[in-house]
Every structure is written in C-alpha cells, then in structure tokens.
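Trainee: There's a structure below that I have some questions on.
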2 protein chains.
Amino acid sequence: MNSAAQRTVFFISDGTGITAETLGHSLLAQFPEAGKLRQAWVPFIDSQDKAEECARAIREARGRDGVRPIVFSTLVDPQTVARLHGEDALFIDLFEQFIGPLETELGVAPSHEAGRFHDIASSRSYKARMEAINYTLAHDDGLSNGPDLNEADIVLVGVSRSGKTPTSLYLAIQFGLKAANYPLIPEDFERKRLPGELHQHRRKLFGLTISPERLAQIRQERLPGSHYASLENCRHEIDAARKLMDRENVPHLDSTHTSIEEISAHIMQHLRRYALYLAP
Amino acid sequence: MNSAAQRTVFFISDGTGITAETLGHSLLAQFPEAGKLRQAWVPFIDSQDKAEECARAIREARGRDGVRPIVFSTLVDPQTVARLHGEDALFIDLFEQFIGPLETELGVAPSHEAGRFHDIASSRSYKARMEAINYTLAHDDGLSNGPDLNEADIVLVGVSRSGKTPTSLYLAIQFGLKAANYPLIPEDFERKRLPGELHQHRRKLFGLTISPERLAQIRQERLPGSHYASLENCRHEIDAARKLMDRENVPHLDSTHTSIEEISAHIMQHLRRYALYLAP
C-alpha cells in the first residue's frame, strides 16, 4: 500500500503454538530480504468462537497491511481449518499438507485430536524432564558433592562464564538430561590435573571453550576492571583450560559463535543419543 | 516383515535438527495407533560425504525393517535433498513443500543457507535470552532482594513445589523473559496478605496452583513422612494460597495436568506477548 506497510504473520494452533512458531521461523529465516514482518502468535484456538475471532484478525490484518497475511498453522480440527481458509491469506498448513501422506504410509487413521502436549504433564518422560531440571539446578557451578555425579548424564566443564549453565539447563529442559557443570579454576591449572571428583567421572565430561576477547567482554559486564575480567587473564585461563582438557582427553567445543541449541545438538551426538546410525 | 518389525523415523537437518524433530513429533502424535517407531536424529548434514552416509543409513533401515522409513527433513541444500530422494522412503520435506509458495508470496528469493541458528549466538535476541536465564537463576525461589524485581517481566508465585522453577526457566530459555519466582509460605497465609516486596509488583504476579494429591506426591518424594508433605497440610496451603491470590487479584493457573510449555503459552497470552490481535 505504502512504503511503511508491513506484512502480518500469524502462528495459529489449537495447542501452545510452539510447533507453528518453530516451523514458521525456520521457513522465514530463508527469506532475510523479506523485510520486517509483524508477528502474531495465536495459541489455544480450540472453539468455533475463537476460530471466528481469529478469522476476523486475519481479515483486519489483510485490510490494514494492504498485502495478504501469511498463516502458519498446526490446527487439526477440520472445521476450524475450513473456517480460516475462507480468508484471503497464504496458508502454510503443516497438518493439511502432511497428514495425508503419513496416513497412507502408516496405514492407520489420524486422531485429529488437538494439542500435542495433551496431558503430557502426567507422562513418564515429562516427569523425567522435571527431575532433570531439578538435578541440573542442584548441580550448577560445582555446587554438588562428588558422589552425586554418579547420576549425571553429562558434566560440562570450562572456565567461569564459558556458557556451561545455560547449556546445562537447555539439555535438561529440552532433552531431559541430568547435566551437571563444574568450573575449571586457577587451582586446577596449577595442579595441572582435574579435581579428584571430576577425574573419576572423566568419561562424562564435555568441555566448553570460548575466545578470550568474548570471555573478557562477558566478564567485564559482571566485574568491570577486575583482574578476573582482563583480556590477559582470560587468555591465560582459556589456554590453560584447553591444555588441561587435551591432556585428560576431554572433548571440547568452542561456544563463541555457537548457540546453546547447537552446542546441545553436538553433545547429544557425542552421547550417541543423536544420530543412531551416523555415530562415528 | 514380521510382527517384531519396527519402522524407522529419521529427523534430518543441516542444522541442529530441532525444527525437524518438533515438526515430526507433532505430526506423529496424530497417529497414536502407529505403534513403536525407532527414531534417529541426524543433525549437521552439511557436506556431500555426510549426505552419502545418511543415504546409506536410510537404505539400511529400509532393508532391516522391511517397511519404508519416514524422513522428516529441513535440509535446504538442493544437492543434498536430491541425493536423499534417491532412497526408498516417505519424505516429509518442510522446505521443499513450503519454500515455493512463500517465495511467490514474498516476492524475494530464498537464501538456501543452511542452519537456522547460523551465528545466532552473536545476535541481540540471543544475548537477551542468556541474560534472562542469568536473571531467572538469580531470582529463583525468592532468593532476590525486593528492588531487583523492577527488572522482572513476570513473577511466578505459588506454594513450594507447584512448578514455579521449571516454568520460570522455560520462559527464560524459550522466550527470553526475566522470570522471577517467589514461594508463598505459611507466614504469608497467616498475615493474609502478600509480602511487601511482592505487593508493590502485584501487576507482574502470576500464580500457579496444583491439586493437593499431586502436591503431596511430589513433596513425599523429597521429604517422606513430613508434615510438609502430608495431604492435610498440602490441602491447607493450597486453599490458603488460592484465597490469597483471589483476594489480591493475582491471576492463576492449575499446573496439575498442564506442562511447562502450556503454562508458558498461557503466561505469554496474559502478558499480551502472544495473540496480539486476540487479546481479550
């Protein structure tokens, strides 16, 4: 309509909308040139009234923007889907597109039941994830006692602020892993070996490294002007940590340009929980 | 082939595989009758060698299972896609299916660049998520000082073990919200009002409740036989907490059959970060 016009993107679901959003963001990431898009997350569309309201919102966006909205949908109820398809929008419809081929292949009918997380809260795997979160919190930053590491699925090691804590939490929340983490400190470097309790769990260790520049920047935000945050000290600690990990055969990964999602996927591969057939 | 034969499902990606897995699980959840499926996550397929290895794994699964594997793919490289499509499998191909219509609609070409999380680690929104995780950890279980709550996006309240901590962490990791949480304790119930520091942030509060039976079960696992874990005490605390929240106009949600994903989506709606157009 005019140069300020912005297109609207809807993520619509009868559940949480997490799948619709993940799907939509992955696809839209392929179009960095598309310009700014206004985003509307619309979860829990589980009644005809809400479907009606949703249709109206799509119609309003169409009128205001002057361009068709894009709708990413994981709706399963055929009536709701039909109601929305009356509107002038591009529908990227996960279930409509793929349920048919899957039904043919699997030879069983789909349930058409809404909500991927339907009472998942009572399932065994959900409870295991909650337990993993509790374990991970209790074993953050070396707070644990040695013997407890028996229960750990993985123990992240690295210098302070190398990304251990957020990665541990992501592993627990997303994959239900009991992920302890343990900081490597100057004392360890002087001794030139891992602390005793880590040494006995050496096969569970996974190291995170980071560039000295990035580490100094992160530490400066916490303790500006300190020796701890100085580039020189960061260089020294990272170098000593890498040598220690190499000496003890601890696999490690650089977190400088790597998100917690990517680090976690690498760790899952390392644990052979990913890539059953492609394990090295 | 025989009754013990199991079908294999692949989640294949040139990135972390998280989108492929989310997509696949949502779709497969529609087929509860499909029986057990062997799952193989195959992230980081970003070279022709890896594509070759991947093709071989699909071929082997086909031979062993006696039924075609199902492949959920978010591969973007056309050569890799072409290589895999030579195998005998059902391909549920997110990008192949949807990139075309999006390209037409948006009027710009897709980048075909692999990896949704490509150096996301350096982006502003990623750093905000990391900050939110740090904030949330520092403000878990009322550890914070009052004034700090100024920075909170949301403050979860509820009795001990009602699900505040895992929900806070999910909100931080998934949505970058600074989510403090604060336990309601018997002292608060006797006083019949919120502690002072919460009262002044009343508009940020969101309550979690839970059934007394479930709460007693969770607490028994931690402190078996205690008054704290007794059904009678759980009933009393939950009743008092609900009355307190109603009196202070704190919105609340029952977490008994609700996953942290669902609770979080409700909270996002409450904060109007979800459902821009459907806010009540």
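Nothing in this text is a laboratory measurement; each read-out follows from the coordinates by a stated rule. These numbers come from a predicted model, not from an experiment. A quick note on method: Cβ atoms are made from the backbone with ideal geometry, for glycine too, and the neighbour counts reach across all protein chains shown.
Trainee: Pull out the extension gain between A:GLU197 and A:GLU60, defined as 0.36 nm times the separation in residues minus the alpha carbon to alpha carbon distance; nm, one decimal.
Mentor: Computed gain between A:GLU197 and A:GLU60 is 43.1 nm.
Trainee: Now a separate question. Using a simple charge model, +1 on the beta-carbon of Lys and Arg, -1 on the beta-carbon of Asp and Glu, nothing else, what dipole does the range A:169-280 show about its Cα centre, in debye to the nearest 20?
Mentor: 460 debye
Trainee: Assigning unit charges at the beta carbon (Lys, Arg +1; Asp, Glu -1) and nothing else, what dipole magnitude in debye, to the nearest 20, does the protein assembly as shown show about its Cα centre? Walk me through the intermediate numbers first.
Mentor: Numbers: 64 positive and 76 negative charges, 176 e Å.
Computed charge dipole of the protein assembly as shown: roughly 840 debye.
Trainee: Follow-up. Taking amide H atoms as placed 1.01 Å from N in the peptide plane, list the residues 5 or more away in sequence, or in a different chain, whose amide H sits under 5 Å from that of A:TRP41.
Mentor: A:PHE11, B:ALA275, B:LEU276
Trainee: Taking the Cβ-Cβ separation of A:GLU33 and B:LEU223 as r and a Förster radius of 56 Å, what is the calculated FRET efficiency to the nearest 0.05?
Mentor: It comes out at approximately 0.45.
Trainee: When B:HIS112, A:HIS85, B:HIS201 are ordered from fewest to most other Cβ atoms inside 10 Å of their Cβ, what list results?
Mentor: B:HIS112, A:HIS85, B:HIS201
Trainee: Helix B:94-106 against the longest principal axis of chain B: what's the angle in degrees, Cα atoms only, rounded to the nearest 10?
Mentor: With rounding to tens, the tilt is 80 degrees.
Trainee: Here's another thing I want to ask about it. To the nearest 10 degrees, how steep is helix A:164-175 against the longest Cα principal axis of chain A, on a 0 to 90 scale?
Mentor: 40 degrees
Trainee: From the phi angles alone, apply the Karplus equation (6.51, -1.76, 1.60; θ = phi - 60°) to the range B:131-136 and give each ³J(HN,Hα) in whole Hz, x where the residue is Gly or Pro.
Mentor: 4, 4, 5, 4, 4, 5
Trainee: What length, rounded to one decimal in nm, is gained on full extension from B:GLU96 through to B:HIS236, with 0.36 nm per residue of separation minus their alpha-carbon distance?
Mentor: Gain on stretching B:GLU96 to B:HIS236: 44.8 nm.
Trainee: Roughly speaking, what is the stretch gain from B:ASP88 to B:GLU190, that is 0.36 nm per residue apart minus the C-alpha to C-alpha distance, in nm to one decimal?
Mentor: Details: separation 102, 0.36 × 102 = 36.72 nm, distance 6.78 nm.
Gain on extension, B:ASP88 to B:GLU190, equals 29.9 nm.
Trainee: Right, here's the next one. Residue by residue through the range A:72-85, what is 3J(HN,Hα) from phi via Karplus (6.51 cos²θ - 1.76 cosθ + 1.60, θ = phi - 60°)? Round to whole Hz and write x for glycine and proline.
Mentor: Running phi through 6.51 cos²θ - 1.76 cosθ + 1.60 with θ = phi - 60° gives 8, 10, 10, 5, 10, 6, x, 5, 5, 4, 4, 4, 5, 5 Hz.
Trainee: Here is a follow-up. Can you pick out the pairs among A:LYS192/A:LYS243; B:LYS178/B:LYS204; A:LYS127/A:LYS164 whose Cα atoms lie more than 19 Å from each other?
Mentor: Pairs exceeding the cut-off: A:LYS127/A:LYS164.
Trainee: Right, here's the next one. Kindly state, as a whole number, the per residue volume in cubic angstrom of the convex hull around the alpha carbon atoms of the range A:145-227.
Mentor: Dividing the Cα hull volume of the range A:145-227 by its residue count gives 113 Å³.
Trainee: Using θ = phi - 60° and the Karplus relation 6.51 cos²θ - 1.76 cosθ + 1.60, list the HN-Hα couplings for the range B:232-238 in order, rounded to whole Hz, with x at every Gly or Pro.
Mentor: Result, ordered by residue: 4, 5, 4, 4, 4, 4, 5 Hz.
Trainee: Rounded, prolate or oblate for the range B:121-270? Axes are the square roots of the Cα gyration tensor eigenvalues, ordered a ≥ b ≥ c, and the cut-off for rounded is a/c under 1.5.
Mentor: Judged from the Cα gyration tensor, the range B:121-270 comes out prolate (a/c at least 1.5, a/b above b/c).
Trainee: Let me ask something additional. Using a Förster radius of 25 Å, what is the FRET efficiency between A:GLU52 and B:ARG124 based on their Cβ-Cβ separation? Nearest 0.05, please.
Mentor: Using R0 = 25 Å, I get an efficiency of 0.10.
Trainee: Give me a single rounded figure for B:89-100: the average over its residues of other chain Cβ atoms within 10 Å of their Cβ.
Mentor: Mean shielding by partner chains, rounded to a whole number: 4.
Trainee: Here's something else I'd like to know. For the protein assembly as shown, just say rounded, prolate or oblate: build the C-alpha gyration tensor, square-root its eigenvalues into a ≥ b ≥ c, call rounded for a/c under 1.5, and beyond that prolate if a/b exceeds b/c, oblate if not.
Mentor: rounded
Trainee: Which value, in debye to the nearest 20, gives the size of the charge dipole of the range B:7-106 about its Cα centre, when Lys and Arg are +1 and Asp and Glu are -1 at the Cβ? Before the final figure, lay out the partial values.
Mentor: Working: 10 positive and 16 negative charges, 118 e Å.
Magnitude of the dipole: close to 560 debye.
Trainee: List residues of the range B:44-76, by number, whose backbone nitrogen lies under 17 Å from a label position 7 Å along Cα→C-beta of B:HIS25.
Mentor: Inside the label zone: B:72-74.
Trainee: Once amide H atoms are built 1.01 Å from N in the peptide plane, which residues 5 or more positions from A:ARG7, or in another chain, come under 5 Å H to H?
Mentor: A:ARG38
Trainee: Which residue in chain A puts its Cβ closest to the axis that rotates chain A onto chain B, and at what distance in whole Å?
Mentor: Checking which Cβ lies nearest the axis yields A:THR22, 2.
Trainee: Determine which aspartates and glutamates satisfy two conditions relative to B:LYS36: a Cα distance under 15 Å, and not lying fewer than 8 residues away in the same chain.
Mentor: A:GLU105, B:ASP65
Trainee: At 222 nm, what helix-only mean residue ellipticity would the protein assembly as shown give, in deg cm²/dmol to the nearest 500, using -39500 (n - 2.57) for each DSSP H run of four or more?
Mentor: Mean residue ellipticity, 222 nm, calculated: -13500 deg cm²/dmol.
Trainee: Expressed as a fraction of 2.2 N^0.38 Å, the rule-of-thumb size for a compact globular protein of N residues, what is the C-alpha radius of gyration of chain B?
Mentor: Here the Cα radius of gyration is 1.30 times the empirical estimate.
Trainee: Checking the a/c ratio against 1.5 first, then a/b against b/c, what shape does the Cα gyration tensor give for the range B:7-106?
Mentor: oblate
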